[in-house]
1. The conditions are (1) more than 23 Å from the chain's Cα centre (by Cα); (2) within 21 Å of V29 (Cβ to Cβ), and K119 fails exactly one of them. Which is it?
2. For A172, state whether it is within 16 Å of ligand 1 (Cβ to nearest atom), at pLDDT 95 or above, in contact with a Gly (Cβ under 9 Å, 6 or more places away or on another chain) and of a type in the set (A, V, I, L, M).
3. For the range 63-181, list the helices (runs of 4 or more DSSP H) that sit wholly inside it and hold at least 1 residues that are under 23 Å from G216 (Cα atoms) and assigned by TED's automatic domain parsing to the domain that holds K27; which are they?
4. At negative phi, within 15 Å of ligand 2 (Cβ to nearest atom) and not in a strand (DSSP E or B): is that true of T60 in this structure?
5. For the structure I just gave you, tell me whether G356 is under 23 Å from P13 (Cα atoms), touching a Ser or Thr at 6+ places or on another chain (Cβ under 8 Å), assigned to a helix (DSSP H, G or I) and in contact (Cβ under 8 Å) with a residue 24 or more places away in the chain.
6. Can you tell me which residue among I121, I98, I26 is within 16 Å of ligand 2 (Cβ to nearest atom) and on the phi < 0 side of the Ramachandran plot?
7. Select from the range 146-169 the residues that are touching a Phe, Trp or Tyr at 6+ places or on another chain (Cβ under 7 Å) and buried (at least 19 other Cβ atoms within 10 Å of the Cβ) and write down the one among them that is modelled with the highest pLDDT.
8. Among the residues of the range 293-307, is there at least one that is part of a helix (DSSP H, G or I), over 20 Å from the mean Cα position of the chain (by Cα) and either within 15 Å of ligand 1 (Cβ to nearest atom) or surrounded by fewer than 19 Cβ atoms within 10 Å (Cβ to Cβ) (or both)?
Amino acid sequence: MAFSFSSLFSSQPKSVLGVDIGTSSIKVVQLKRDHGRVVLETYGAIALGPYAGVEIGRATALAGDKIGEALKDVIREANVSTSDAAIAIPYSSSLISILNLPAGVEKQLAQVVPIEARKYIPVPINEVLLDWFVVGGDGNTAQGDQAGKIQVLLVAIHNETISKFRSISSTAALQTGFFEIEVFSSVRAALEHGIAPVAVVDMGAATTKFYVVERGLIHESHIINHGSQDITLAASRALGISVAQAEERKRKIGLSGGAPDQPGVADLRKSLELSLSPLLSELARTVTAYETRTNQALSALVFTGGGATLKGLREFAQQKIQTEIRLADPFGKTQAPAFLEAILKEAGPEFCVAVGLALRRLQEIG
Ligand SMILES: Nc1ncnc2c1ncn2[C@@H]1O[C@H](COP(=O)(O)OP(=O)(O)OP(=O)(O)O)[C@@H](O)[C@H]1O
Ligand SMILES: [Mg+2]
């Protein structure tokens, strides 16, 4: 192979694409590295509702070929110019649990974990892809650890899921460097490095995902069965308007937009507040349960996901929950034109997973 200095110096920085395929929409974020800085090149989202014959903002369960079509469309609409991608695997298609194993088995995890995993995984082990990380007890003790044990975070993804995502990737003509469960992507983009336990709360369309992160590692995760589409459906019923209209007003006015004396604004807010209650109460219960069990306080809740972009949500939720609430700002980890700053801050929570994927891909190729 010929080596030339000119090609070394003229080589263009390579761009990468993070792809987050949610139940209600696909989000893409293109980044590149320039002089050591991470530059935001483009981003975009496309609602999947119209591909499934339902309203924008609602959760769908589409086959891979339809998702591939939608992905092609958003790639075109957002002027994406790279095919080097990383794709998120939905949390719901994965199984994450903590194994408590006797200290000393660290060197034999490749044999021990698949055997132990059988107790936790409801399908034959040869139908899943297994991955694991030691998260505690390795001289790196956290509260709640058991003496003489190490804690191993076990991750399993069904082979069928991987092949579905591979085929979506090829429909959209992407070269996918890796697939990653969305939990890890989201945490990478939403959090700063820190020791204290924080929770990432990802508000999607049908569900809300809750992850506790301590010393940079995911210690616990689960799903709350309330999401942002519930409050749209409730507003549509309460105000006697179509689901599409309710979705539009939820996004435009939310809990704090529009003048309170404008017709319909007060009623909309009341409905949104009412229908948010079950979600926020369950979130508060989840926080308390974690704190009681581990005997340590969460230092903050970081909200991500499209549902977290509801105007006025942070302030409203803070009245109901004692732990400090922050909105994720993943684009804050990238360089972008100053005039976009406010827009990117507002849209940020929705793009957390996509940013997290692109950040890791950049690191891999850098
Ligand atoms: N500006 C906005 N104000 C309020 N809600 C919004 C706004 N933008 C999007 N949403 C809501 O966010 C929800 C979708 O969030 P997100 O895109 O994070 O979900 P998803 O990734 O498709 O779902 P999941 O992660 O559960 O599969 C929708 O229900 C939508 O109504
Ligand atoms: Mg999502």
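The values are calculated or read from the model by the stated rules, or taken from the named source; none is laboratory data. Note that the structure is a prediction, hence the values are computed from the model and not measured. Quick reminder, even Gly has a Cβ in these numbers, built from the backbone with ideal geometry, and neighbours come from all protein chains shown.
1. It fails just one condition, (2).
2. Working: within 16 Å of ligand 1 (Cβ to nearest atom): no; at pLDDT 95 or above: yes; in contact with a Gly (Cβ under 9 Å, 6 or more places away or on another chain): yes; of a type in the set (A, V, I, L, M): yes.
Spelling it out, it is not the case that A172 is within 16 Å of ligand 1 (Cβ to nearest atom), at pLDDT 95 or above, in contact with a Gly (Cβ under 9 Å, 6 or more places away or on another chain) and of a type in the set (A, V, I, L, M).
3. Details: elements: 64-77, 109-117, 159-171.
Because the criterion is at least 1 residues that are under 23 Å from G216 (Cα atoms) and assigned by TED's automatic domain parsing to the domain that holds K27, no helices (runs of 4 or more DSSP H) in the range 63-181 meet it.
4. Values: at negative phi: yes; within 15 Å of ligand 2 (Cβ to nearest atom): yes; not in a strand (DSSP E or B): yes.
Considered against the rule, which asks whether it is at negative phi, within 15 Å of ligand 2 (Cβ to nearest atom) and not in a strand (DSSP E or B), T60 comes out as yes.
5. On the way: under 23 Å from P13 (Cα atoms): yes; touching a Ser or Thr at 6+ places or on another chain (Cβ under 8 Å): yes; assigned to a helix (DSSP H, G or I): yes; in contact (Cβ under 8 Å) with a residue 24 or more places away in the chain: yes.
Yes.
6. Numbers: I121 fails: within 16 Å of ligand 2 (Cβ to nearest atom); I98 fails: within 16 Å of ligand 2 (Cβ to nearest atom).
Criteria check complete, one pass: I26.
7. Residues of the range 146-169 that are touching a Phe, Trp or Tyr at 6+ places or on another chain (Cβ under 7 Å), as a first pass: 152-155, 162, 165.
Now narrow it down to the ones that are buried (at least 19 other Cβ atoms within 10 Å of the Cβ): 152-155, 165.
Details: V152: 90, L153: 89, L154: 91, V155: 90, F165: 97.
Of everything passing the filter in the range 146-169, F165 is modelled with the highest pLDDT.
8. Step one: list which residues in the range 293-307 are part of a helix (DSSP H, G or I), which gives 293-294, 306-307.
Those left that are additionally over 20 Å from the mean Cα position of the chain (by Cα): 293-294.
Going one step further and asking which of them are either within 15 Å of ligand 1 (Cβ to nearest atom) or surrounded by fewer than 19 Cβ atoms within 10 Å (Cβ to Cβ) (or both), we end up with 293-294.
Checked against the condition, which is being part of a helix (DSSP H, G or I), over 20 Å from the mean Cα position of the chain (by Cα) and either within 15 Å of ligand 1 (Cβ to nearest atom) or surrounded by fewer than 19 Cβ atoms within 10 Å (Cβ to Cβ) (or both), the range 293-307 yields at least one hit.
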